[in-house]
Amino acid sequence: MKNLTKKQQNDLVSQTSNFGLIGRVIGRMEISQLKYLLRSKEDIESLIYGIHEGSFVMMVATNERLLFIDRGWLNSRADDYQYDHIESIEYDISLISGMVRVLASQGTIFLKFVPNKLIHGFVKTIESHMGSRVPESKIELSEIEQIEHLSKLHRFGDLTDEEFKVEKSKIINSK
């Protein structure tokens, strides 16, 4: 079994300190996969987590590439994307969580429920490796999608009953 270098361990601790308890607990399987995926001189620069096609996943921006890690219960998936193959990165920041979409020559990765505080740093890291500043893109959500998003946050305990009612009211009355 390969071990992470001291620098990689320090980078990982630094990056996951922004995850909060829920992100560290839910993401521990994905985090544990890094010891198998990282190259010896590869540095972790930014991490995000979210939901991709109904599964909890993590994306790791390193100094060499972008890693996508989905360590599910029945099957595991780890893909890497070279920065010169990434065509664009789009994001949206909502109330508590947002979305990130990476378009690459191998396909598209779309993460929902990404904690807002992780998005800007991650996007800036990817853009810096892409070479030039990519115009900011926004992902537009319908009212129904926004309310579904709020409902999931409420169900997972990220919003109180009162916060859910207030934010749902804002969406409905924004027309």
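Can you give me the number of residues within the stretch 74-91 that are surrounded by fewer than 19 Cβ atoms within 10 Å (Cβ to Cβ) and either assigned to a strand (DSSP E or B) or not assigned by TED's automatic domain parsing to the domain that holds ILE44 (or both)?
Total satisfying the criteria: 9.
Looking at the stretch 111-125, is at least one residue surrounded by fewer than 20 Cβ atoms within 10 Å (Cβ to Cβ), among the hydrophobic types (A, V, I, L, M, F, W, C) and out of contact with any Ser or Thr (no Cβ under 7 Å at 6 or more places or on another chain)?
Among the residues of the stretch 111-125, not one is surrounded by fewer than 20 Cβ atoms within 10 Å (Cβ to Cβ), among the hydrophobic types (A, V, I, L, M, F, W, C) and out of contact with any Ser or Thr (no Cβ under 7 Å at 6 or more places or on another chain), which makes the answer no.
May I ask you to verify whether VAL123 is within 18 Å of MET29 (Cα to Cα) and free of Cβ contacts under 8 Å to residues at least 40 places away in the same chain? Explain how you work it out, then say what you get.
Working: within 18 Å of MET29 (Cα to Cα): no; free of Cβ contacts under 8 Å to residues at least 40 places away in the same chain: yes.
It is false that VAL123 is within 18 Å of MET29 (Cα to Cα) and free of Cβ contacts under 8 Å to residues at least 40 places away in the same chain.
Among all residue pairs at least 6 apart or on different chains, which show Cβ distances below 9 Å where the first residue, located in the stretch 42-54, is over 17 Å from ILE89 (Cα atoms) and the second is among the acidic types (Asp, Glu) and in a strand (DSSP E or B)?
Listed by first residue and then by second, the contacts come to GLU53/ASP70.
Would you check if ARG39 is over 13 Å from the mean Cα position of the chain (by Cα), in a loop (DSSP other than H, G, I, E, B) and free of Cβ contacts under 8 Å to residues at least 60 places away in the same chain?
Numbers: over 13 Å from the mean Cα position of the chain (by Cα): yes; in a loop (DSSP other than H, G, I, E, B): yes; free of Cβ contacts under 8 Å to residues at least 60 places away in the same chain: yes.
It is true that ARG39 is over 13 Å from the mean Cα position of the chain (by Cα), in a loop (DSSP other than H, G, I, E, B) and free of Cβ contacts under 8 Å to residues at least 60 places away in the same chain.
Can you name the residue in the stretch 64-73 that is closer than 21 Å to LEU38 by Cβ and free of Cβ contacts under 8 Å to residues at least 60 places away in the same chain and is also surrounded by the most Cβ atoms within 10 Å (Cβ to Cβ) among such residues? So that I can check it myself, show each step before the final result.
At the first step, the residues of the stretch 64-73 found to be closer than 21 Å to LEU38 by Cβ are 64-72.
So of that shortlist, the ones also free of Cβ contacts under 8 Å to residues at least 60 places away in the same chain come out as 64-65, 67-72.
Numbers: GLU64: 16, ARG65: 19, LEU67: 22, PHE68: 21, ILE69: 25, ASP70: 20, ARG71: 19, GLY72: 13.
In this case the residue turns out to be ILE69.
The values are calculated or read from the model by the stated rules, or taken from the named source; none is laboratory data. Predicted, not measured: the structure shown is a model, and the values here were computed from it. Glycine also receives a Cβ, built like all others from the backbone with ideal geometry; neighbour counts cover every protein chain displayed.
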